[in-house]
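Below is one structure, written out as structure tokens; comments come after it.
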Amino acid sequence: AASQRAPAAGWLRALSEAAPSGPEASMTSKLEQSFGSGTKAQVEDVSGGCGSAYNVSVESPFFGGMNKVAQARAVYKVLDEEIAGMHSINVKTKALKPDNN
């Protein structure tokens, strides 16, 4: 019976690693919606699963003309409620050129 469960457990692990869920998915969606079209966000729980530390990466045309401090502050503002429950957050941002297509 244990051998029958192993493939399912492996499949579930691969699925959970491939697609963010829970707080990560919620924060990713919130960032992408807040910063608009062309925004790519990635949120990774680096706390071992307890949700107390995250790496956040956001690339967006919204950041055009903003310095790195202003970009990070914009991310902090969007995630204000979530940050209140964290012990640490590492934010990386990048300004993208607007898509003219």
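Values quoted throughout were computed directly from the atomic coordinates according to the rules given, and no laboratory measurement underlies them. Treat the numbers as computed from the prediction; the structure is a model and nothing was measured. Cβ coordinates were reconstructed from backbone atoms using ideal geometry, including for glycine residues, and neighbour counts include every protein chain displayed.
Check cross-link reach from LYS94 to the aspartates and glutamates: straight Cα distance under 12 Å, and skip same-chain residues fewer than eight apart.
Straight-distance partners of LYS94: GLU59.
Okay, which of the range 61-101 sit inside 11 Å, backbone N to the point 7 Å along the Cα-Cβ direction of ALA53?
Within reach of a label on ALA53, which here means backbone N under 11 Å from a point 7 Å along Cα→Cβ, the range 61-101 contributes 87-90.
Taking 7 Å along the Cα-to-C-beta vector as the label spot, tell me the MET86-SER29 distance in nanometres, rounded to one decimal.
Placing both labels 7 Å along Cα→Cβ, they lie 1.9 nm apart.
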